[in-house]
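Read the structure below first, then the notes.
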Amino acid sequence: MKKIFLLSLASFYLLTVAAQSAGDYRSVGSGSWSDPLKWERFNGSTWISPAPSGPSYVDGLITVRSGHTIAIDNSVTLDQTIVEAGSTISLTSTLSIANGVGDDIIVGGIFTFISGQIGGAGTMNVTGSMDWRSGFVSSNIIMAAGSHSSKSTSGVATISGNGSLNNNGELIWSDGNFSMQDGTFNNNATGQLIATGNNSLGGVAGSVVFNNAGSFTKQTGTGITTLTTGGTNTGSINVNEGTISSTSNYENSGSINIAAGKTFLINGGTFKLNNGTNITGQGNFQHVAGNLGITADAATPANVSNFLFTSGVVGGAGTLLVNGGMDWRSGSC
């Protein structure tokens, strides 16, 4: 029995060592990313602490361990980085994500994006949570199904330089604006974008796109949430409170649900109602400015419950079926 026990211990040791590679880093406490005292480095046989320096993309696997909070307060390039559940990283500087072999950065814990910028050809996968307070993204960020993220302060969150934000989880948008300069925001099929304030998601320059294939809900806030970007809705848009206003070119082939006393407002650009459009609820689908383009064919017309036509132009070769009431005050067809 003694020999078997010793053999088992030896096997466990070998498996543990084999799981690490020379050059791997892991955190030993909370503090600055660049502080070697907060890290230990594997030399091929044992962990050495303190590490010779803070880790970067030229090193092996980097792990921020549960219970530790690490601040990226100086510029760094990362790859093969894991932020464990129960740990936190924050950013106030420049983070470049290298596009190496395998996963680039996986955040299973919390990522607090206070300020600064994220760039590089790599991808950050958030399976835990992200709080984006302000700053620029020109890389690719994916919020996984089951993740819980937020935009919680008045700062501007900017997607630029062909970067993308891809939401597959829950994103609570309570304050501040989303801005895009050659950027894309995809709220995918499992994504839930929930607005609880009166802010804007808009384009500043270049190609700017907001695609909604999941659910986009204005949950609270009696004012206006404004979309000033192009894109498509193939999922559901829900106006449970206040007003959602579209002021740019947008295409709809999904559902728009408007609660009683609430409004979905067309206030500029060209808003197209394609096949699959279904606008329901006791609230108003209101056209104030710009063009409303009807492209849905007669066999599958665009359906709207209550149409308030205040001004602007309604055109297109398609069919619009008003199931409830229509109040035509001004404008042309």
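The values are calculated or read from the model by the stated rules, or taken from the named source; none is laboratory data. Note that the structure is a prediction, hence the values are computed from the model and not measured. Positions of Cβ are generated from backbone atoms using ideal geometry, with glycine treated the same way; all protein chains shown enter the neighbour counts. Only protein heavy atoms, including side chains, enter the accessible area calculation; ligands, DNA and RNA are left aside. Shrake-Rupley method; radii C 1.70, N 1.55, O 1.52, S 1.80 Å.
Values for this structure:
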read-out: Identity of the residue in the range 143-171, among the aliphatic types (A, V, I, L, M) and open to solvent by less than 50 Å² (accessible area, probe 1.4 Å), that ends up nearest to residue 114 (Cα to Cα); value: 157
read-out: When residues of the range 229-239 are limited to those that are part of a strand (DSSP E or B) and not hydroxyl-bearing (Ser, Thr, Tyr), the one surrounded by the fewest Cβ atoms within 10 Å (Cβ to Cβ); value: 230
read-out: In the range 100-128, the residues that are modelled with pLDDT under 95 and hydrophobic (A, V, I, L, M, F, W, C); value: 101
read-out: Every residue from the range 240-276 that is open to solvent by less than 40 Å² (accessible area, probe 1.4 Å) and touching a Lys or Arg at 6+ places or on another chain (Cβ under 8 Å); value: 242, 243, 244, 250, 252
read-out: Residue that is farthest from residue 216 (Cα to Cα), among those in the range 117-137 that are in contact (Cβ under 8 Å) with a residue 40 or more places away in the chain and open to solvent by 20 Å² or more (accessible area, probe 1.4 Å); value: 120
read-out: Which listed residue, of 228, 280, 270, 232, is without any contact (Cβ under 8 Å) to a residue 40 or more places away in the chain, closer than 19 Å to residue 199 by Cβ and hydroxyl-bearing (Ser, Thr, Tyr); value: 228
read-out: Boolean, residue 302 is touching a residue at least 12 places away in the same chain (Cβ under 8 Å), open to solvent by 10 Å² or more (accessible area, probe 1.4 Å) and among the aliphatic types (A, V, I, L, M); value: no
read-out: In the range 128-148, the residues that are within 21 Å of residue 71 (Cβ to Cβ) and either out of contact with any His (no Cβ under 6 Å at 6 or more places or on another chain) or aliphatic (A, V, I, L, M) (or both); value: 128, 130, 131, 132, 133, 134, 135, 136, 137, 139, 141
read-out: Residue that is least open to solvent (accessible area, probe 1.4 Å) [pool: residues in the range 64-89 that are over 11 Å from residue 109 (Cβ atoms) and among the polar types (S, T, N, Q)]; value: 81
read-out: Residue count, the range 191-228 (criterion: open to solvent by 40 Å² or more (accessible area, probe 1.4 Å), in a strand (DSSP E or B) and not hydrophobic (A, V, I, L, M, F, W, C)); value: 5
read-out: Residue pairs meeting the criteria (Cβ under 7 Å; at least 6 apart or on separate chains; first without any contact (Cβ under 8 Å) to a residue 60 or more places away in the chain, in the range 156-170; second of a type in the set (D, E, K, R) and outside any loop (DSSP other than H, G, I, E, B)); value: 157/151; 160/182; 161/182; 162/182
read-out: Every residue from the range 87-114 that is in contact with a Gly (Cβ under 6 Å, 6 or more places away or on another chain), farther than 20 Å from residue 35 by Cα and not aliphatic (A, V, I, L, M); value: 99, 104, 108, 109
read-out: Unique residue being more than 18 Å from residue 167 (Cα to Cα) and open to solvent by 20 Å² or more (accessible area, probe 1.4 Å) when the list is 140, 99; value: 99
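Okay, residues lined up against (1) in contact with a Phe, Trp or Tyr (Cβ under 6 Å, 6 or more places away or on another chain); (2) within 17 Å of residue 124 (Cα to Cα):
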{"site": "32", "(1), (2)": "no, no"}
{"site": "53", "(1), (2)": "no, no"}
{"site": "59", "(1), (2)": "yes, no"}
{"site": "91", "(1), (2)": "yes, yes"}
